[in-house]
Amino acid sequence: MTGFAGRLRAAVRAAARLSGRVVVFARRRAVAFNELWKHSLQFRVTISTLALSSAVVFVLGMVLQNQITERLLDTKRRAAIEQTQALADTAARELVGVGGESADALHTRLQNALKKISTTSSSRAGSTAGTFDPVLASVGRGQSDTDPVFVGPFGSVPERLRQFVEADHLARLEHTVDENGARTTYLIVGTPLLSGTSPLQLYLLFPLTSEQTTVSTVQNTLFVAGIVLLLLLAGITNLVVRQVVRPVRQAVAAAEQFAGGDLDQRLAVVGEDDLAKLAVSYNSMAASIQNQIRQLEEFGGLQRRFTSDVSHELRTPLTTVRMAADVLHASREQFPPGLARSTELLVDELDRFEALLGDLLEISRLDAGVEELSAEYIDVRPIATRAVEQVRVLAGTAGSAVELVLPDEDTSADVDARRIERILRNLLANAVDHSEGKPVVLTVAVNETAVAITVRDYGVGLRAGEAELVFNRFWRADPSRNRRTGGTGLGLAISQEDARLHGGVLDAWGEPGHGACFRLVVPRRQGVPIADSPLVLPPPDAVSEITLSPSSVAELQPAPEAILADPAPDREEVGQ
């Protein structure tokens, strides 16, 4: 018993595994079919045409089969009725005066009449009813007065047919009987015989075997013809759709190559049909776009060369002016107060002019694509520390404290130290310039794939839509607002290009009155994509004016004095 239970459990587990495999296979096939259906117009049109054609072929096949079957049976019925009526006259003549005999004599006369009917039927020519089995019935000679006596190969006929015939009606009926384990359908035609004193009926049983064989042959022929027709329709549809889809696919491939930079890619024009017109239109569009792109490239090249040439040419007179300004600045104590102040302003503006020329040269090199990344696998924390030290004096002048938050783990990455330091310096200077005397926090974080650095200030912030504009060249959120740092307006644009050169990203967030946050994310290894950023944007201390009331904003955002008075243990406070 235990062995049987174990085998039963094993069989159940095997059946479960098999059903699971079948389900998995069916799901994979369904997914593959769904993908092919969504992505292949040729497959979709072919399957749709095949499905609709199958429905049409099925309906037509059923109609044809019913028509053929009905015509065969109708012909058989008419011929059977005619033959029954003809043989009824023969039987009536043979059975004249029947009624007063004994049962044996009656049976003998009925047998003789059947033989005469069979002989007469075999001698007739041109009958389309085919072979039959005759049966004669006499009412009132059975075990009771109502039981009929049947003489013939069949002992009885269906009662409902007999009731019609006994009512002096000619009737017919299709009836199926079991003979030696096989089912045979007969067309039974019955008619009354008015030749004797006792009621007599003649029944002829016509087997429908040949008609059933003909109908089965017709069904098989229609089925095979339908399958062949559907296959031909599928092949023809696939061929016709392919003639349309192939040029479309060629157009798609050409468009992809054109978008990838192959501006000389064109479509072959064959014939003068609609697809040829499409190819001509595409080629005209591609030629127009190519000319415009070349014009823009030439214009951009001229613009970059102009910027580079102007920047280089301005360096010589700028050097001369700088030397003269330095001489005046060194002797400013000997000048009157107004002239001494003018000398100081001249030097400050020359410093800004030199920075602007340097940024213009850097932008022109970045636009030309000649800049290369000198990456080294180094720790980013010392770079962040140097950037903070460089803005310490600027932060002190603006009254802002700069806090540095560094992680304990190693933050090494493939970076160009000079470019990363320039990015951080630009971000810090921008944050100090807009901090309104509030603290600025620089945070460094790292994970397996990326190093992230955020510069957070709590100053004027950014309005909606300005986070995408801050990296535009010479863009200012408030043109009427005076700069404290003397920036050139190109620092953030250069910083974004430096981030892209590293394969990273530089983005921004801000809200009016709640400050702004700039985030730099670079991969730890060049060529390895960034999975996710170690630092989120918006920052965790971001406050939304839409969802929070002023009181809750005050509760969630710490006061600047608290940040300055009690910095976190892992922060370095610089400035003030």
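The values are calculated or read from the model by the stated rules, or taken from the named source; none is laboratory data. This structure is a prediction, so every number in the text was calculated from the model and none was measured. Because the Cβ atoms are built from the backbone with ideal geometry, glycine has one as well, and the counts that use them run over all protein chains shown.
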The condition of being surrounded by 12 or more Cβ atoms within 10 Å (Cβ to Cβ) and over 28 Å from the mean Cα position of the chain (by Cα) holds, among N283, N238, only for N283
Residues of the stretch 406-440 being more than 24 Å from V460 (Cβ to Cβ) and among the polar types (S, T, N, Q), in sequence order, are T411, S412
Of the listed residues (F25, F4), the one being assigned by TED's automatic domain parsing to the domain that holds S216, modelled with pLDDT under 80 and out of contact with any Lys or Arg (no Cβ under 7 Å at 6 or more places or on another chain) is F25
Residue count, the stretch 21-76, condition more than 16 Å from the chain's Cα centre (by Cα) and aromatic (F, W, Y), comes to 2
Taking the stretch 27-76 and keeping residues surrounded by 13 or more Cβ atoms within 10 Å (Cβ to Cβ) and among the small types (G, A, S) leaves S40, S53, S54, G61
